[in-house]
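> Here it is, the structure, as structure tokens.
The values are calculated or read from the model by the stated rules, or taken from the named source; none is laboratory data. Keep in mind that what you see is a predicted model, and the values were worked out from it rather than measured. Counting neighbours? That spans all protein chains shown, and the Cβs are built from the backbone with ideal geometry, glycine included. Just the protein is used for accessible areas: all its heavy atoms, side chains included, with ligands, DNA and RNA removed. Shrake-Rupley method; radii C 1.70, N 1.55, O 1.52, S 1.80 Å.
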Amino acid sequence: MGSILLTGGAGYIGSHTAVELLRRAYHIIILDNFSNSMRSVIDRVCRTAALSETDAKSRVSLVEADLLDKAALAEAFASSPGVDVVIHFAGLKAVGESVEKPWAYYHNNLVGTLNLLGAMNAAGVSRLVFSSSATVYRADNPVPYYEGYALGSTNPYGWTKFMIEQIIRDICAANEGLSAVLLRYFNPIGAHPDGLIGEDPKGIPNNLLPYVAKVAAGELDEIRIFGDDYDTPDGTGVRDYIHVMDLAEGHASAMEYLQDRKGCCAFNLGTGRGTSVRELIRAFETACGKRLPSKVVGRRAGDLPVVYANVDLAAKVLGFTASRGIEEMCDDAWRWQQYRAAMPGNTEDQEDNSTPS
Ligand code: NAD
Ligand code: UFG
């Protein structure tokens, strides 16, 4: 097989998937504009994958480019012959920010994807794995979420995923030389167990796990629990958290499945199990060895009480089942949080990476 191009490969999920692909002996090309990631991640990916300097040079390439720049994309494919598959992670991903800056989200995510599909077509690259999200399921579906459920969204970020899925399905159906897998992630958390790579949100995190990690590290004062009056066992919201290394393995399985398949297929990537906010906090307290201050505040607008996946299709068709539990997710996230706090070059993310409104 040729090489695998990872758009957004320097980001949270892309960097972990890069490590898993290197472990499976693939050659990879990371294409990123570093709008939400650090350049130093490439070196940390190579170290995590235990590559020698020679191996790192021959098996990992970096292309610093923006998907919005068509010429740079064409050049990326021209200078990297032998790309066999593209795994498309690149995109803006914050739900709240997408409501404030819809144009930036539609522009970056939709135009970026259309440019990528055009460049792939021109370069004769016919296989694509796309980072979708559980947010594409309409909120009135009962849990667990099945791939066949009705789709929709409630925010611009979610609509970009919904629209990109549709664009990819249409191009595959028209038989224009594209085959694709759409991966609908539930709640990826955790980090590689070696602790050199992990999630690195800028500013105050929106998501629960990175927020809890920063409280544990003393960078934030207390956890805010968004509602404890839901109809759930302890009243707090329930989600399907999946370890990012399980997610990375899911990508490798999807990519290998795509080798001899045509068409377009969507798969949930989750564990099929729900964990409440309080359960997650307790697991993190065990991981970091201390009680964490928290207070219950009002419900967050737009939150659903319970979201978890039906994972039968990925198990049956891709042969993929997530194996890591909440304890491992929290242990690994805490190890990364400590490394991150002490990391040399920790100021690199102080660059102005804001998106235009
Ligand atoms: P991330 O922000 O860490 O990584 C995305 C990467 O894409 C970043 O390195 C960023 O610099 C790059 N990027 C963004 N726009 C670009 C552009 N125009 N050109 C080139 N590079 C660009 O995010 P992540 O958590 O790793 O998520 C990866 C993908 O998975 C995203 O598409 C996201 O929407 C999707 N997803 C993430 C989650 C989650 O909870 N993390 C859940 C569901 C879906
Ligand atoms: N929560 C808190 N306090 C916080 C943050 C979150 O109590 O500070 C709660 C939420 O109310 C929810 C749970 O923790 O019950 C998880 O919230 P996250 O923000 O971590 O995750 P979401 O499920 O809301 O959203 C995530 C991604 C979205 C994606 C969605 C798909 O962030 O991008 O999963 O299901 F669209």
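> Go through segment 39-45 residue by residue and turn each phi into a ³J(HN,Hα) via Karplus (6.51, -1.76, 1.60, θ = phi - 60°); whole Hz please, and just put x for glycine and proline.
These are the phi-based 3J(HN,Hα) values: 4, 5, 5, 4, 5, 5, 4 Hz.
> Can you list the cysteines of the chain that have no other Cys Cβ under 4.7 Å away?
C46, C265, C288, C330
> Percent of accessible area on the chain owned by carbon and sulfur, 1.4 Å probe?
Working: 7650 of 15260 Å².
Answer for the chain is 50 percent, counting heavy atoms of protein chains only.
> Ranked from the most accessible area to the least, with a 1.4 Å probe and all protein chains present, what is the order of K295, K101, K70?
Numbers: K295 95, K101 40, K70 140 Å².
The most accessible residue leads, giving K70, K295, K101.
> If the cut-off is a Cα-Cα distance under 15 Å, which aspartates and glutamates reach K214, setting aside same-chain residues fewer than 8 apart in sequence?
E199, D200, E222, E285, D331, D332
> Continuing with this model, one more query. Could you tell me which residue out of S98, P210, P233 lies farthest along the dipole of the chain toward its positive end? Charges go on the beta carbon: Lys and Arg +1, Asp and Glu -1, centred on the Cα centre.
Of the candidates, P233 comes out farthest on the positive side.
> Given axes a ≥ b ≥ c from the Cα gyration tensor, I'd like to know whether segment 1-142 is rounded (a/c under 1.5), prolate (a/b larger than b/c) or oblate. Show your work: numbers first, answer last.
Details: a/c = 1.75, a/b = 1.43, b/c = 1.23.
Judged from the Cα gyration tensor, segment 1-142 comes out prolate (a/c at least 1.5, a/b above b/c).
> Would you kindly compute the Cα radius of gyration of segment 106-218 and its largest Cα-Cα separation (Dmax), both in Å?
17.1, 54
> If V63, V95, V85 are ordered by their accessible area, calculated over protein heavy atoms with a 1.4 Å probe, which sequence runs from highest to lowest?
From most exposed to least exposed: V95, V63, V85.
> Nothing charged except the Cβ atoms of Lys and Arg (+1) and of Asp and Glu (-1): what's the magnitude of the dipole of the chain about its Cα centre? Round to the nearest 20 debye.
On the way: 33 positive and 44 negative charges, 64 e Å.
Once rounded to the nearest 20, the dipole reads 300 debye.
> Show me the ranking of peptides 281-287, 229-235 by mean Cβ neighbours inside 10 Å, starting with the highest. It would help to have the intermediate numbers written out before the result.
Numbers: 281-287: 19.4, 229-235: 13.3.
Top to bottom by mean Cβ count within 10 Å: 281-287, 229-235.
> Something else: Please arrange E222, E64, E279 by accessible surface area, largest first, computed with a 1.4 Å probe and ligands excluded. Let's see the in-between values first.
Numbers: E222 60, E64 105, E279 85 Å².
Listed by decreasing accessible area, they come as E64, E279, E222.
> Next question. Compute log10 of I(q)/I(0) for segment 54-104 with the Debye formula, placing one identical point scatterer on every Cα and leaving out solvent, at q = 0.23 Å⁻¹, to two decimals.
Treating every Cα as an identical point scatterer, log10 I(q)/I(0) equals -0.99.
> Can you give me the long-range amide H partners of I242? Hydrogens built in the peptide plane at 1.01 Å from N, cutoff under 5 Å, separation of 5 or more residues or another chain.
Those qualifying (amide H under 5 Å, at least 5 residues apart or on another chain) are N187, I189.
> How large, in Å, is segment 220-348 by the Kirkwood hydrodynamic radius built from its alpha-carbon pairs?
On the way: mean 1/r = 0.0590 Å⁻¹.
After inverting the pairwise mean of 1/r, the radius is 16.9 Å.
> Of the listed peptides 43-52, 170-179, what is their order by residue-averaged count of other C-beta atoms within 10 Å, with the highest listed first? Intermediate values should be presented prior to the final figure.
On the way: 43-52: 17.5, 170-179: 14.9.
For the peptides 43-52, 170-179, the packing ranking is 43-52, 170-179.
> Calculate, in whole percent, how much of the Cα-Cα pair population of the chain lies beyond 39 Å.
Details: 6125 of 63546 pairs.
Summing the P(r) tail past 39 Å for the chain gives 10 percent.
> Taking θ = phi - 60°, what integer Hz values does the Karplus form 6.51 cos²θ - 1.76 cosθ + 1.60 yield along segment 251-267, in sequence order, with x for Gly and Pro?
Computed from phi, the couplings for segment 251-267 are 5, 5, 5, 5, 5, 5, 4, 6, 3, 10, 10, 10, x, 9, 9, 10, 9 Hz.
> With θ set to phi - 60° and the Karplus curve 6.51 cos²θ - 1.76 cosθ + 1.60, what are the ³J(HN,Hα) couplings of segment 286-300 in order, to the nearest whole Hz, using x for Gly and Pro?
Per-residue couplings from phi come out as 5, 5, 9, x, 8, 6, 10, x, 8, 9, 7, 10, x, 4, 7 Hz.
> Further, regarding this structure: Tell me the mean residue ellipticity at 222 nm calculated for the chain from its helices only (DSSP H runs of n ≥ 4, each -39500 (n - 2.57), averaged over every residue, nearest 500). Working shown, then result.
Working: 12 runs with 129 residues, N = 357.
Computed ellipticity for the chain at 222 nm equals -11000 deg cm²/dmol.
> Add +1 for every Lys or Arg and -1 for every Asp or Glu among the other residues with Cβ under 12 Å from the Cβ of S132, and state the total.
Cβ neighbours under 12 Å give a net charge of +2.
> Y308's amide H: which non-local residues (gap 5+, or another chain) put their own amide H closer than 5 Å, with H modeled 1.01 Å from N in plane and none for Pro or chain starts?
Result for Y308 returns Y145.
> Using protein chains only and a probe of 1.4 angstrom, how many square angstrom of T17 are accessible, to the nearest 10?
Approximately 0 Å² for this residue.
> Would you mind putting 305-317, 143-155 in packing order, based on average other-beta-carbon counts within 10 Å, highest first? Intermediate values should be presented prior to the final figure.
Numbers: 305-317: 18.7, 143-155: 16.2.
Descending packing order for the listed peptides: 305-317, 143-155.
> How much area per residue is accessible in segment 169-326 when the probe is 1.4 Å and only protein heavy atoms are counted (Å²)?
Heavy-atom accessible area per residue stands at 43 Å².
> While we're looking at this one, here's another question. Cut-off under 24 Å on the C-alpha distance; same-chain residues fewer than 8 positions from K101 excluded. Which lysines are left, in chain and number order?
K70, K93, K161, K202
> Here's a follow-up. Could you compute the net charge surrounding S294? Neighbours are other residues with a C-beta less than 11 Å from the C-beta of S294; K and R count +1, D and E count -1.
Details: positive: R224, R278, R282, R291, K295; negative: D221, E222, D228, E285.
So the surrounding residues net to +1.
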